[in-house]
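In what follows, a single structure is set out as structure tokens and then discussed.
Just so it is clear, none of the values below were taken in a lab; they were calculated from the coordinates. A quick note: this is a predicted structure, and the numbers were derived from the prediction, not measured. FYI the Cβ positions are ideal-geometry reconstructions off the backbone, even for glycines, and counts take in every protein chain you see.
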Amino acid sequence: MFLEKNREKRGSIEIICGSMFSGKTEELIRRLRRSEIAKQNVIICKPIIDRRYSQEKVVSHNKSAIDCKVVSHAKELLEWCEHIDVLGIDEAQFFDLELIDVCNTLANKGVRVVIAALDMDYEGHPFEPIPQLMAIADEVTKVRAICVQCGNLANYSFRTIDNEERIVLGEKNEYEARCRTCYHKK
């Protein structure tokens with residue numbers, strides 16, 4: 001009876017966060033592929049706004065890719081996740097605060113929710129809803145990039161173009177990974 005009880009499906013929330021070019025999506029794909037090897041039912045999604053590499057795949061800067069569903073609103077995830085074991089969410093910072101309740105609901109139903117997201121915007125401010133998700137997460141992994149200025153570990157996404165919008169999709173032409181010191185020298 002004891003072993004049977006411990007084998008119950010247990011939900012959780014895992015956050016993989018950090019700056020741009022830190023390997024968040026790569027780590028998300030790695031975890032989801034391991035779940036697929038374990039014969040778990042896996043779905044990965046991304047917000048509709050993210051069209052940088054592919055509309056129907058989550059793609060890392062290193063070009064690793066995995067098929068995905070595109071989501072307009074976080075509540076759509078509740079419809080898709082009725083019979084799954086693991087839900088992966090890439091670029092979660094582009095969802096609104098409803099993502100918090102959706103992730104809690106899914107985890108409470110036994111789904112393992114694995115989220116990759118920027119934890120700070122280009123101004124170095126917390127990127128919601130990620131701080132709230134980090135607070136309720138069962139596990140938080142902060143990954144770091146390499147500062148393109150000095151070679152130290154980087155936590156910041158420095159925007160290299162003149163645009164004050166909070167959300168500007170881009171990659172190496174628009175952003176650089178920087179350490180705290182080089183970021184504040186801007």
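Once region 90-114 is narrowed to residues that are closer than 14 Å to S35 by Cα and under 12 Å from the mean Cα position of the chain (by Cα), the residue that is surrounded by the fewest Cβ atoms within 10 Å (Cβ to Cβ) is V114.
For first residues located in region 91-110 and touching a residue at least 24 places away in the same chain (Cβ under 8 Å) and outside any helix (DSSP H, G or I), partners that are crowded, with 20+ Cβ neighbours inside 10 Å and among the hydrophobic types (A, V, I, L, M, F, W, C) and lie 6+ apart or on another chain with Cβ distances below 6 Å form the pairs F95/A74.
Among strands (runs of 3 or more DSSP E) entirely within region 113-186, having at least 2 residues that are touching a helix residue (DSSP H, G or I) at 6+ places or on another chain (Cβ under 7 Å) singles out 139-143, 156-159.
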